[in-house]
Amino acid sequence: GSNLESEEHIMEPPAVPEEEMPLTMTSGPAGCQLFGYVGIEAVLDQMKIKTMKTGFEFNVMVVGQSGLGKSTMVNTLFKSKVSRKASQPSQEERIPKTVQLHSITHVIEENGVKMKLTVTDTPGFGDQINNENCWDPIIKYINEQYERYLREEILITRKRKIPDTRVHGCVYFVPPTGHWLRPLDLEFMRRLSKIVNVVPVIAKADTLTLEERAEFKQRIQEDLKTHAISVYPQEDFDQDPDDRALNDRIREKIPFAVVGADQEHQVNGKRVLGRKTKWGIIEVENPEHCEFPLLRDLLIRSHLQDLKDITHNVHYESYRVRRLNESNRP
């Protein structure tokens, strides 16, 4: 650099018009090129790099009676011991007197992308003789997370990134009875679908035959339509025609008939997750055996960001408007 400056003082090059001056690549350290290809798609690379550095949050809640395989399903979903249960629970832990909420947070990293996953379990839901208002602690917990985010948002000096503890999705486990939905199921989904994204699934679907499963799903869809219960993905929020076509195919499959398993078995020379029975092995990730791959694709592969967007733009926004209106009243 110093030699270059001294030469410029001695001999100045002839002036070149600005439009004729060539734009060349500046040599420098690897990854620090000043001039290079400029395109709009470069913004996607910037967003990808920034997201990989900061990571993102995803909060899911599982609701259902004891013994329906909620913890096993969450472990199968993320292929790790996300939800832990006591090895030898006491009598009080087996049957909680009231609905309790347990949250476990993990940081999952895959290919350089970090995700802060929070799983909220609801032991004691629907296990009592009198299940009146057993959904109140769940509604209270969801609203508390909205309130916590709202308080951080209205501060004068806000954090650069507000911690997001809001529940992005609620997976509701329906018992595999083969009949209609119970009043408890209907009332829970009717109340919760107004404040959170509810995804109903048929738990332990391997206890039903294929004909019973198809008939049970049809009855559940009729129940949801009769009682005007809008589960995720909601028709009112479909804006793009492609998204509407995709969500229509998903709505035809809801509720998903799922089977959870956290043990691997040898099938045709491959290690697969499944449940071993006297008649064979039920492969969890095989679409011909159950619809667990559809649930996994919905929650992780295709609609994870959409779950977060609807939570922020619809459910949280309605809560924020209601709270601000209450605070402005004389």
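Where a number appears in this text, it was derived from the coordinates with a stated rule and is not lab data. What you are looking at is a predicted structure, and each value in this text was computed from that prediction instead of being measured.
Some notes on this structure:
- A Stokes-Einstein calculation at 10 °C with viscosity 1.306 mPa s, built on the Kirkwood radius of segment 209-330 over Cα pairs, returns a diffusion coefficient of 91 µm²/s.
- Taken one residue at a time, the phi angles of segment 68-79 give Karplus couplings (6.51, -1.76, 1.60, θ = phi - 60°) of 8, x, 5, 5, 5, 5, 5, 5, 5, 5, 9, 6 Hz. Gly and Pro are set to x.
- Ratio Rg/Rh [Cα only; Rh per Kirkwood] for segment 130-247: 1.06
- Under 21 Å from Lys270, Cα to Cα: lysines that are on another chain or at least 8 residues apart: Lys79, Lys278
- Shown in residue order for segment 153-158 are the 3J(HN,Hα) couplings computed by the Karplus curve 6.51 cos²θ - 1.76 cosθ + 1.60 at θ = phi - 60°: 6, 8, 5, 5, 10, 8 Hz (x for Gly and Pro).
- Under a 5 Å amide H cut-off, with hydrogens placed 1.01 Å from N, Val267 pairs with Val272 among residues at least 5 apart or on other chains.
- Look at the Cα gyration tensor of segment 209-266: its axes a ≥ b ≥ c give a/c of at least 1.5 with a/b at or below b/c, and that counts as oblate.
- Karplus-derived 3J(HN,Hα) values for segment 279-296, using 6.51 cos²θ - 1.76 cosθ + 1.60 with θ = phi - 60°, are 9, x, 10, 8, 7, 5, 8, 9, x, 6, 9, 7, 9, 4, x, 5, 5, 5 Hz; glycine and proline are entered as x.
- Applying a threshold of 20 Å to the alpha-carbon distances of Lys114/Lys308; Lys116/Lys204; Lys140/Lys194 flags Lys116/Lys204 as lying beyond it.
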